[in-house]
Amino acid sequence: MEVRGVRHAYGRREVLRGLDLDLRPGMLAGIVGENGAGKSTLLKILSGELRPLGGTVRHEGRFGYCPQDVVVNEALTVRQHLEFFRVARGLSDLRHAGQVMEVLRLSEYVDERAGLLSGGTRQKLNLTLALMHDPQVLLLDEPYQGFDWETYQRFWDLAARLRDTGRSVLVVSHLAYDAERLDELWRLQGGVLRPAEGAPA
Ligand SMILES: Nc1ncnc2c1ncn2[C@@H]1O[C@H](COP(=O)(O)OP(=O)(O)OP(=O)(O)O)[C@@H](O)[C@H]1O
């Protein structure tokens, strides 16, 4: 993925001011930034949900976008969500979804209605729906919100495994996290990306 000179504003509020970003295959990268820095705006632009006022986003391959807001229907079970998204994405099976669910320990909730799931368990479903078509580029907005410590560790193991099989993984958070887990860590500040302190060389 190659991003050049991306600009965006809401009315007179400039949020992104000529932002560049390169995401290579087999790269696990992080972006940190304070609340309101423009992280979600950037991910919406990268995923194609929002059209920037300027600049270009070039990419190849399938996308997986895990938005910050959980996109589940409370009345449907986990299994019904999987089936709905399987058909919508034209997948022949749920093999990959099953693997993600095993790692995140979601499988045991497969017949539970989403409305009855805890916040962290809903987020596991949100993440599974974003990854179930085995995307080449993963854009994850606060993907571990609500996760307990063990699930948080499992999430990073999964992210590293996806990186090791050639996927590009971009994780966005307002929390600074362990830089050693990442190949690159940037800070979104003043509408551009800069290497974050503590980032690997
Ligand atoms: N649809 C919108 N209309 C107007 N202003 C918006 C809109 N979406 C975001 N903003 C503003 O743009 C700025 C960046 O918002 P954004 O949600 O991208 O930040 P963020 O870094 O993801 O924040 P957080 O960590 O709180 O999720 C904020 O000042 C926000 O109020």
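Every read-out reported here was derived from the displayed coordinates using simple, explicitly stated rules and does not represent laboratory data. Computed from a prediction, not measured in an experiment: that's the story for all the values here. Cβ atoms come from the backbone with ideal geometry, glycine included; neighbour counts cover every protein chain shown.
Taking amide hydrogens as modeled 1.01 Å from N in the peptide plane, which residues meet the under 5 Å criterion relative to V15, leaving out close sequence neighbours?
Close amide H contacts, sequence-distant or interchain: H8, A9, Y10.
Counting helices only, and only those DSSP H runs with n ≥ 4, report the 222 nm mean residue ellipticity of the chain as the sum of -39,500 (n - 2.57) divided by its residues, in deg cm²/dmol to the nearest 500.
Values: 5 runs with 60 residues, N = 201.
When only DSSP H runs of four or more count, the value is -9500 deg cm²/dmol.
Ranked by Cβ crowding within 10 angstrom, fewest neighbours first, how are H59, H8 ordered? If you can, show how the numbers build up before the last one.
On the way: H59 16, H8 22.
Ascending Cβ contact count within 10 Å gives the list H59, H8.
Would you work out which of T165, A97, S47 lies farthest towards the positive end of the dipole of the chain? Charges go on Cβ: Lys and Arg +1, Asp and Glu -1.
S47
Sort Y144, Y65 by Cβ crowding within 10 Å, fewest neighbours at the top.
On the way: Y144 22, Y65 18.
Placing the least packed residue first, the sequence is Y65, Y144.
Using the alpha carbons of the range 1-116, what is the convex hull volume per residue in cubic angstrom, as a whole number? If you can, show how the numbers build up before the last one.
Values: hull volume 18.0 nm³, N = 116.
Residue-normalised Cα hull volume stands at 155 Å³.
Divide, for the range 141-184, the radius of gyration over alpha carbons by 2.2 N^0.38 Å, where N is the residue count. Could you put the intermediate results ahead of the total?
Numbers: Rg = 10.3 Å, N = 44, 2.2 N^0.38 = 9.3 Å.
With N residues counted in the range 141-184, Rg over 2.2 N^0.38 Å equals 1.12.
Roughly how many whole Å is it from the C-alpha centroid of the range 132-166 to that of the range 47-116?
13
Using unit Cβ charges (K, R positive; D, E negative) and no other charged atoms, how large, in debye to the nearest 20, is the dipole of the chain about its Cα centre?
Numbers: 26 positive and 27 negative charges, 144 e Å.
Dipole about the Cα centre, nearest 20: 700 debye.
Dimensions of the chain along principal axes (Cα, Å, largest first)?
46, 35, 29
For L76, enumerate residues with amide H under 5 Å from its amide H, sequence gap 5+ or separate chain, H modeled in the peptide plane.
A114, G115
How compact and how long is the range 74-134, expressed as Rg and Dmax of its alpha-carbon atoms in Å?
According to the Cα coordinates of the range 74-134, Rg and Dmax are 10.4, 29 Å.
Let me check I have the definition right: for the range 109-183, take the eigenvalues of the Cα gyration tensor, multiply each by 5, take square roots. What are those semi-axes in whole Å, largest first? Don't skip to the end; give the middle numbers.
On the way: eigenvalues 95, 48, 21 Å².
The equivalent ellipsoid of the range 109-183 has semi-axes of 22, 15, 10 Å.
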